[in-house]
Amino acid sequence: MTDTQLLEKILIKLESLEELKSQVQEHTQILKSLQELKPQMQEHTQLLRSLEHPAQVTKAEVDKINYEIVEMQGDLKAIRKELNIVEIVTKENTYDIARLKAIK
């Protein structure tokens, strides 16, 4: 191998080393950016965790309210049924009163 060929190979290796160096610098910048984001991510994680419990409490309260609404709907249906019975009995009494008045 001649000196020129050897120098060309060395030059090619140096160029590839320069490319690698450039890539390493890019990766280093990316890592620095990620490290800068880490505290912010930790803060967001803490905030989300602190909101998780109140959200669970709120969900439990909503579930309780929904259950109470269902109970009230059942009570309302029962009251309507009883009112219908009262209405029927009242009509029967009105009929009986009218009949008794007619007999007098």
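The table that follows gives values for the structure above.
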{"read-out": "Estimated inter-spin distance, A60 and E8, nm [label 7 Å along Cα→Cβ]", "value": "7.9"}
{"read-out": "Potential lengthening between Q40 and E52 on full extension [0.36 nm per residue; Cα-Cα distance subtracted]", "value": "2.5 nm"}
{"read-out": "Under 17 Å from K59, Cα to Cα: aspartates and glutamates that are on another chain or at least 8 residues apart", "value": "E68"}
{"read-out": "I30 paired with M1, simple spin-label distance in nm, labels 7 Å along Cα-to-beta-carbon", "value": "3.2"}
{"read-out": "Dipole of the chain, positive direction: furthest Cα of T45, I10, Q73, with charges on the beta-carbon", "value": "Q73"}
{"read-out": "Nearest-20 debye value, the chain charge dipole, Cβ charges on Lys, Arg, Asp, Glu", "value": "1040"}
{"read-out": "Spin-label pair I97/E71, simplified geometry with 7 Å Cα→Cβ offset, distance in nm", "value": "3.8"}
{"read-out": "Candidate lysines - alpha carbon under 25 Å from K101, same-chain residues fewer than 8 apart omitted", "value": "K91"}
{"read-out": "Cα-based helix-to-principal-axis angle, 3-103 vs the chain, degrees rounded to 10", "value": "0"}
{"read-out": "Pairwise centroid distance, computed over Cα atoms, of the range 66-91 with the range 15-51, Å", "value": "65"}
{"read-out": "Hits among aspartates and glutamates - C-alpha to C-alpha of K64 under 19 Å, sequence gap 8 or more where chains match", "value": "E52, D75"}
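The numbers here are math on the coordinates, done by the rules we state, and not lab data. Everything quoted here is computed from the prediction, not taken from an experiment. Here Cβ is always computed from backbone atoms with ideal geometry, including for glycine, and neighbour counts include all displayed protein chains.
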